[in-house]
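The next block holds one structure in the form of C-alpha cells; read it before the comments.
The values are calculated or read from the model by the stated rules, or taken from the named source; none is laboratory data. Note that this is a predicted model, so its numbers are computed, not measured. Calculation scope for accessible area: heavy atoms of the full protein, side chains included, ligands and nucleic acids excluded. Shrake-Rupley method; radii C 1.70, N 1.55, O 1.52, S 1.80 Å.
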Amino acid sequence: MNTPEQILNIALSEKENLVKLLRLDGKKFIKHFDNFKKHEINALLFNTIETPLHLCKLLKVSYVELVNLINHPVYNYYLIRKEKGGRRKIYAPANHLKKAQKTINYYLQAYYLCIKPSNVFGFVINPHYMGKYCNIAENASVHTNKKFVLNIDLKDFFPSISAKQVKKLFSSPIFNFDEQISTAITLLTTYKGKLPTGAPTSPVISNFVCLQLDADLMQFSEANGLSYSRYADDMSFSSDCSITKDFHSGIAQIIEKNGFIINEKKYRLKSSNRRQIVTGLTVNTKVNVSRKLLKKIRAMLHDLTKNGINRATINHFNLCGEPDVRSRAMFIHRLEGFIDFVGQVRGKNDLIYIKLKEGFDRIFNPAKFYPNIDESDEPSFNMKDFYANLKMLNLGGHDI
C-alpha cells in the first residue's frame, strides 16, 4: 500500500472485518489479514473510524470520557531553554489526555509509514521488520560529498500549524473522515487553535500536513538537480552545481505557498571548502559527528574519571550546590547517550567509538575489565543503583 486512495479503498472493502477487529478481541479475525504487516492493519483500523463509538473503542475510553477529553482538555504550560538561546513554550497534556494522544499517535504513525515520502526522516517510527530506520544520520547521508549544501529551518513549526489546517487534513481524501470525526480528532490533538509543542500527536500530524510541501519541494528539486530531505522543521538541499538566488526564491515561494515561514536566522549555504552540517552532522565527505561533540564527550569522561560523579555533574550542569540523584542520573544518561550516538553514526567497529565505550564501561562496568574485582573495591557510584533510580525517575530515551 503506497497511496491514501489504496488504503481507503481496502478499508472500505474490508470494513466489516475491520469493524469486528476494532470491536472485539480480534484474534478470530486477525488471520483474515495474514498478508498485511502490522502497521498496515493499524492504518486500516484507524481509517475504519466512522462513529464516536468506533473512536471510543480505539482509544479505550467511554463516551463520557471522550466528551470530557474533547470539551475540557488539560495542558501544563512551561518554558524550556533552547540550545542556542531563547525559550520554547511547551504545552504538555495531562495524563488522561496524553494517554489518548499516544494511542492516536500509534495509529497515525502506522498510517504515515504506509505513505511516507522517501525524503522524510524525522518523527517516523519504523517497526523492526522494516529494516532501515529513519534518523538524523540517514537524513544527512542524502547530502554527503556535495559541492553545496543549503539548510533551511521553518519558524515556529508546530504552532504555525492551525487547528483549521488539522481539521482540513482529517476531512481531506487522505483520511476522508466526516465532519463529526474530523472535528473530534482535531479537538483531541490541538490546543488554543494550534498544534501544541509537547503533545505526542503533534510530530506525526505535522508530517501529514507537510505531505504537499514535501511533494512540491521534491518536484522542484528533481527539476533543478537538487537533493532534498526534511527532518521535522529542518530542510536540506544539496547539489554539485551552484545553488543560485533563483533556487532560493523558488524554494521560498513553495514554503510560503504551503503556509510556513522560513526562519531567516537559520538560513545557511555552505560550499565544500567549508564545514557542511546537516542535522548536526558533518557531510563534507561522509556522515560524521562534529569535533565539538567528541571534545565534549572526552571532557565529560575525563572529569568523571578524575573527579567523580558529583564534581562531573556539577561542572556539566553548572550547579551551585551538591547534585541530587536526578542530576547525577541525567549526567550519566546523557554521557551514555552521546557515546551510543557516536557508535550509531560512525559504526560500532569505529576505533573512536570503541575507546569512548571502553572508557565508560571501565567506570560503570568494571567487572568487564577486571574479572577478579572484589565487591568492596567497586566505585561508590553503583551502576545497578543508577539504573534503578533511572527507572524510578522515568528518564527514558537518550538526551542527545
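Observations on the model:
- Tail beyond 18 Å, pair distance distribution of region 46-125 (Cα, percent): 58 percent
- Accessible area, probe 1.4 Å, largest first, for residues Leu293, Leu66: Leu293, Leu66
- With all protein chains modelled, accessible area of Glu138 [1.4 Å, Å²]: 50 Å²
- Distances between placed amide hydrogens fall under 5 Å for Ile262 paired with Lys155, all partners being 5 or more residues away or on another chain.
- Computed as a quarter of the hull surface, the mean projected area of the alpha carbon convex hull for region 219-339 stands at 10.6 nm².
- Using only alpha carbons, region 107-230 has a radius of gyration to Kirkwood radius ratio (Rg to Rh) of 0.99.
- Taking 25 °C and 0.890 mPa s as conditions, region 253-294 diffuses translationally at an estimated 198 µm²/s according to Stokes-Einstein applied to its Kirkwood radius (Cα pairs).
- Note on region 244-294: lysine pairs with Cα distance below 26 Å, sequence gap of 8 or more or different chains, count 12.
- Cα gyration tensor category, rounded, prolate or oblate, for region 95-162 with a/c compared to 1.5: oblate
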